Amino acid sequence: MAAAASPQVGTVGRVLIDSPLPQLDRLFDYRIPPSLAASAVPGVRVRVPLRSAGRVADGFLIEVVETAGFAGVLSDLESVVSSVPVLTPEVWRLARQVADRAAGTASDVVRLAVPKRQVRVEKAWLAKEAGAPASEVLPAELTSFDAAAVESAIASGGRFAVDAPPRVVDLGGGRWVGHWAVTMAAAATHAIARQGSAILAVPDYRDQEQLVAALEAVLPPDRIVRLDAKQSNPDRYRSFLACLEDTPLVIVGNRSAVYAPASRLAMIAIWDDGDPLHSEPLSPYVHTRDAALVRQQEQGCALLLLSHARSTEVQRLVELGWLGEISPERAYLPKVIPTAQQTSQDRLAAQARIPSTAWREARSALEHGPVLVQVARPGYAPRLACDSCGQSARCLRCEGPLGLRSARSTPACGWCGALATDWHCSACDGTRLRLVGQGAGRTAEDLGRAFPGVRVIVADGDRPILAVGAEPALVIATRGAEPIAAGGYRAVLLLDGERMIARESLRVGEDCLRWWSNAIALAAPGAPTVLVGVGGALASALATWRGADYARAELADRRRLRFPPAVRVATVSGSVETVETALAAVAGIERVEILGPVDLADGTVRAIVRFDYGEGAAVSSALRAEVIRAAVDRRKRAGGTAGRPALPTLKVHFDDPLSFDGA
């Protein structure tokens, strides 16, 4: 940046400023004074002056060059904050590429990749003496798969979709995990044995616990690093610094782990890429799978995408030939029994929404071990209604739906959490409420009465349970919160199927298939799974365990309708003026369709831009330019006004998974 007189002597540092402002999303040249020349190496944290108001900003030194791209006089680098090069060249290139692809800023991606500095942790790491050489690793056996095919994929840097067997595996010592975790762990040992690191990304902590247990069975502890957002700041930074070392490691974490620095990266593996937890909620909203695809192409490592039910995004890449397929050597066919929502002859079972077939299977299975009952909603009663007129009960503060978290709790709003202590019906002024629907808590009560003397366990977001024993028990779990049972569940009941598929979402079919497939995979070999109230293609895909065929048909339907992932989309929201200007910038690009804009509740508008993959670079470049323009115009308009200017309203979200919800 230009500055007052400073002699143009010394090397030049190109700096990425740590700022969310889109107009600062580029590299700035600074002169490196001789006093900082030794410590100013690429990747270190630095502080640099900004012209506006004499401020000093944090940033990262990206590269050091001999000549500047700026012809004027350069400002001096203010200081080097730390001598540790925390932003490695490969992570910087990844951040830049995924940000450009999503019309975002690289600093937002770097903020996900590089944790906040913890001074004490860093000093201890720098002072640490070299220890003993890392433990030797022998490749583990890849059970159920053609070991040669997987080894070849890792050695050649191949890209594959892997169909995980629907089984649980005994690790010994009372620890059971899904077969997918054992497969990922074994593949990681092959990467380590080749003197390369592996990054393993999973949706949440439940999956991470299984994967770490599987890794501990085949790897020494010094080769495993956990890196996720649930860690404390010091622990996360300590793990991050370990990733900077030369020793090949297995790095385990959630979606942000894909940005971890890794010595000689040999493999990236992602479990269940269709899980919405892989979608980054922070700008620029890059999905784990997309970041992994970019990194694989950049670094030439292997990429494995494992799942029980293949996502349509993965199916598209398979059909394009970009991904190969790896399936188990032996076909696994779970025992799935689709059944209509008929009424059980047992009154208590009928009250718990258990049809006759499911009732018989559960009663028989409980003689041998635990039974899993998957339900759609947590809480006690997900919805309440006026007892007088039947109108849905809404919060008097924000109009959100009222519900009950437990049988004895006070009704509360599902949106703002306000207690409905003085509720009255807006239609008839009634004050009495009645229950509508059944959550996990109410289902547990009803099943407890239907199966007297049987232990009932509830597992959901509020009551996380990772594992249960082999003793008879009814385990009532919401989707995604199912514990692992020792030896597998002796029966699985999938309730509320009609309610799940009634959700208005483009992805509802593949989401349901994924939820149910993951639950079925927790069953013991030969144990029955009863799917209640669902038929058609979904029931057929589960009964035949041919999820890839369902994904293929679903993708074909979306191609005809030009819905993602057959095409890419970007949602553009903001004020009427800024959105119209942004849409005009992309309207002339070939094969671009604009849907909307439509009015939103907060007074802004939203439009959907639909385009082919080949036009992605042009669309993202045009929309990114409009985001910068909106941010700069906002500052110009606020130049002569008092107080802080309003935040820019233009927001761009590429590949928004909620774009067509309600379609």
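For the stretch 31-65, give me the residue count where each residue is farther than 19 Å from A106 by Cα, touching a Pro at 6+ places or on another chain (Cβ under 8 Å) and open to solvent by less than 20 Å² (accessible area, probe 1.4 Å).
Total satisfying the criteria: 0.
Kindly indicate whether any position in the stretch 473-483 is surrounded by fewer than 17 Cβ atoms within 10 Å (Cβ to Cβ), at pLDDT 85 or above and not in a helix (DSSP H, G or I). It would help to see each step written out before you state the result.
Within the stretch 473-483, the first condition is being surrounded by fewer than 17 Cβ atoms within 10 Å (Cβ to Cβ), and the residues that meet it are none.
No: zero hits.
Give the residue, chosen from G448, G488, G497, that is crowded, with 23+ Cβ neighbours inside 10 Å and either over 25 Å from the mean Cα position of the chain (by Cα) or under 17 Å from R405 (Cα atoms) (or both). Reasoning before the result, please.
Working: G448 fails: crowded, with 23+ Cβ neighbours inside 10 Å; G497 fails: either over 25 Å from the mean Cα position of the chain (by Cα) or under 17 Å from R405 (Cα atoms) (or both).
One residue alone meets the criteria, G488.
Can you report the number of residues in the stretch 500-510 which are small (G, A, S) and open to solvent by less than 30 Å² (accessible area, probe 1.4 Å)?
2
Based on this model, can you work out whether R264 counts as modelled with pLDDT of 95 or more and open to solvent by 20 Å² or more (accessible area, probe 1.4 Å)? Before the answer, list the steps.
Working: modelled with pLDDT of 95 or more: no; open to solvent by 20 Å² or more (accessible area, probe 1.4 Å): yes.
Here the answer is no, as R264 does not meet what is asked.
Being closer than 30 Å to V569 by Cα and open to solvent by 10 Å² or more (accessible area, probe 1.4 Å) is true for just one of S283, S239. Which residue is that?
S283
Select, from L542, L513, the only residue that is crowded, with 23+ Cβ neighbours inside 10 Å, more than 13 Å from R310 (Cβ to Cβ) and of a type outside the set (S, T, N, Q).
On inspection, the qualifying residue turns out to be L542.
Cβ contacts < 6 Å: first residue under 18 Å from A40 (Cα atoms), restricted to the stretch 75-103; second residue of a type in the set (S, T, Y), any location; separation 6+ or different chain. Result?
That search, which allows pairs on different chains as well, returns S75/Y30; D76/S6; L77/Y30; V80/S39; S83/S39.
When you scan the stretch 196-215, do you find a residue that is within 24 Å of P115 (Cβ to Cβ), open to solvent by less than 10 Å² (accessible area, probe 1.4 Å) and touching a Pro at 6+ places or on another chain (Cβ under 6 Å), even just one?
Yes - at least one qualifying residue is present in the stretch 196-215.
Take the stretch 107-130 and flag every residue that is more than 22 Å from D228 (Cβ to Cβ) and either small (G, A, S) or touching a residue at least 24 places away in the same chain (Cβ under 8 Å) (or both).
Selection gives L126, A127, A130.
Can we say V458 is at pLDDT 85 or above, open to solvent by 20 Å² or more (accessible area, probe 1.4 Å) and in contact with a strand residue (DSSP E or B) (Cβ under 9 Å, 6 or more places away or on another chain)?
Values: at pLDDT 85 or above: yes; open to solvent by 20 Å² or more (accessible area, probe 1.4 Å): yes; in contact with a strand residue (DSSP E or B) (Cβ under 9 Å, 6 or more places away or on another chain): yes.
When the stated conditions are applied, V458 passes them.
From the list A548, A617, A601, pick out the single residue that is of a type in the set (G, A, S), surrounded by 16 or more Cβ atoms within 10 Å (Cβ to Cβ) and either assigned to a loop (DSSP other than H, G, I, E, B) or out of contact with any strand residue (DSSP E or B) (no Cβ under 6 Å at 6 or more places or on another chain) (or both).
Exactly one residue qualifies, and that residue is A548.
Have a look at L538, L583, L542 and point out the one that is assigned to a helix (DSSP H, G or I), in contact with a strand residue (DSSP E or B) (Cβ under 8 Å, 6 or more places away or on another chain) and more than 24 Å from H653 (Cα to Cα). So that I can check it myself, show each step before the final result.
Working: L538 fails: in contact with a strand residue (DSSP E or B) (Cβ under 8 Å, 6 or more places away or on another chain); L583 fails: more than 24 Å from H653 (Cα to Cα).
Every option except L542 fails the conditions.
Please list, ordered by first then second residue, the pairs with beta carbon atoms under 8 Å, 6 or more apart or interchain, first in the stretch 313-338 and under 15 Å from W271 (Cα atoms) and among the hydrophobic types (A, V, I, L, M, F, W, C), second at pLDDT below 95 and in a helix (DSSP H, G or I).
Final answer for the pair search is I326/A149; I326/V150; I326/A153.
Assess whether W359 counts as being aromatic (F, W, Y) and open to solvent by 70 Å² or more (accessible area, probe 1.4 Å).
Numbers: aromatic (F, W, Y): yes; open to solvent by 70 Å² or more (accessible area, probe 1.4 Å): no.
For W359, the condition - aromatic (F, W, Y) and open to solvent by 70 Å² or more (accessible area, probe 1.4 Å) - is not met.
Which of the residues that make up the stretch 10-45 are under 15 Å from V81 (Cα atoms), touching a residue at least 12 places away in the same chain (Cβ under 8 Å), hydrophobic (A, V, I, L, M, F, W, C) and out of contact with any helix residue (DSSP H, G or I) (no Cβ under 8 Å at 6 or more places or on another chain)?
V15, I32, L36, A37, A40, V41, V44
Of everything in the stretch 251-261 that's touching a Ser or Thr at 6+ places or on another chain (Cβ under 7 Å) and β-branched (V, I, T), which residue is surrounded by the most Cβ atoms within 10 Å (Cβ to Cβ)?
Per the criteria, the residue is V258.
Within the stretch 286-301, can you find the residues that are open to solvent by less than 20 Å² (accessible area, probe 1.4 Å) and closer than 14 Å to A191 by Cβ?
Hits for the stretch 286-301 are Q296, C301.
Does the stretch 545-577 hold any residues that are within 14 Å of E313 (Cβ to Cβ), β-branched (V, I, T) and touching a helix residue (DSSP H, G or I) at 6+ places or on another chain (Cβ under 9 Å), and which are they?
Across the stretch 545-577, the qualifying residue is only V567.
Show me the strands (runs of 3 or more DSSP E) found entirely inside the stretch 206-308 where at least 3 residues are under 18 Å from R159 (Cβ atoms) and under 20 Å from the mean Cα position of the chain (by Cα).
265-271, 302-307
Can you find, within the stretch 570-585, the residue that is nearest to the chain's Cα centre (by Cα) among those that are surrounded by fewer than 22 Cβ atoms within 10 Å (Cβ to Cβ) and aliphatic (A, V, I, L, M)?
L583
From the set of residues in the stretch 165-207 that are in contact with a strand residue (DSSP E or B) (Cβ under 6 Å, 6 or more places away or on another chain) and among the aromatic types (F, W, Y), which is farthest from L277 (Cα to Cα)?
So the residue we want is W176.
Check off (1) at pLDDT 90 or above; (2) on the phi > 0 side of the Ramachandran plot for G54 and give me the number that stays unchecked.
Of everything listed in (1) at pLDDT 90 or above; (2) on the phi > 0 side of the Ramachandran plot, G54 misses just condition (1).
The values are calculated or read from the model by the stated rules, or taken from the named source; none is laboratory data. Just so it is clear, the model here is predicted, and its values are computed rather than measured. Here Cβ is always computed from backbone atoms with ideal geometry, including for glycine, and neighbour counts include all displayed protein chains. Each accessible area value is taken on the protein alone, full model and side chains, heavy atoms only, with ligands, DNA and RNA left out. Shrake-Rupley method; radii C 1.70, N 1.55, O 1.52, S 1.80 Å.
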